[in-house]
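First comes the structure, then the notes that go with it.
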Amino acid sequence: MTMSLIKKISVVCLGTAFFGAISAANATPMFYNNSTDFNTAATGITLSTNGLDGHPTGSLPSTANGIKISSTNTGSISASPHDASGNAVQMLTASGGTAITFAFSTAINAFAIDVWDLGTQGPTTFTVALSTGGSMAYNLLLASSHGLKSLYGVIDTVEAFTSVTLTNLDFGDLVEFDNVQYGNGPTAVNLPAFPVAEPGTLALFGLGLVGLGFARRRKATV
């Protein structure tokens, strides 16, 4: 193996280790729009489900069982929702959009919720935003019928968040929210400021150092 080839391998190994460390530091929240993908991604995270039955009925804001629910417009908890079961949040979208926020007393890194009747008045944009700054906007077509249920979820295994804000832009759209899933799993919140490389990355890094050392020794003996 020539010295130039050894140097190239060393550079590739060092570059791979550096890229792996940067990727770990720059991981972003992952958003999900169906229960199968969310539940698969949440493997290893202990999830709790809150059906909102512990929240008193009436206008928002409402706080119970470590969850505070608030809205930027008319929102309430109803004991007789159109499509959800038990107590559920009902929100009528005002002109310009209406947001509802679920805030948690303890930071979490996984969240999902069932939503009914998005876009029944026309095409809409539905946004999921975290207290830590990550967000995802879904551009939805006019709903084909009433009573349609969808799930919106998010997982961030690097940085825990304390609230999730859901915003609907479809004016006059009566939307229902129920079955909040949330939980904690392994996160990097308490790790040192410098990213910790995975074992495979460390092995590549070590191989790169060995290659550099070998190349220098060959050069010294020539």
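The values are calculated or read from the model by the stated rules, or taken from the named source; none is laboratory data. None of the values given here were measured: they were computed from a predicted structure. Don't worry about glycine lacking a Cβ; one is built from the backbone with ideal geometry, like all the others, and counts go over all protein chains shown.
Some observations on this one:
- The condition (being within 24 Å of PHE126 (Cα to Cα) and either at pLDDT 90 or above or of a type in the set (S, T, N, Q) (or both)) is satisfied by just one residue among THR74, THR57: THR74.
- Restricting the range 38-60 to residues that are in contact (Cβ under 8 Å) with a residue 60 or more places away in the chain and surrounded by 15 or more Cβ atoms within 10 Å (Cβ to Cβ), the residue that is farthest from LEU148 (Cα to Cα) is ILE45.
- Applying a threshold of 6 Å to beta carbon distances and a minimum spacing of six or more residues, or different chains, the list of pairs starting in the range 61-86 at a residue that is more than 17 Å from ILE113 (Cα to Cα) and ending at one that is modelled with pLDDT of 95 or more and among the charged types (D, E, K, R) is empty.
- Members of the range 30-46 found to be of a type in the set (A, V, I, L, M) and either part of a helix (DSSP H, G or I) or more than 18 Å from GLU159 (Cβ to Cβ) (or both), listed by number: ALA41
- A single entry from SER70, SER35, SER105 fulfils the requirement of being surrounded by fewer than 19 Cβ atoms within 10 Å (Cβ to Cβ) and within 18 Å of LEU174 (Cα to Cα): SER70.
- Any hit, the range 122-141, residues being closer than 18 Å to LEU52 by Cα, touching a Ser or Thr at 6+ places or on another chain (Cβ under 6 Å) and in the same structural domain as ASN50 (by TED's automatic domain parsing): no
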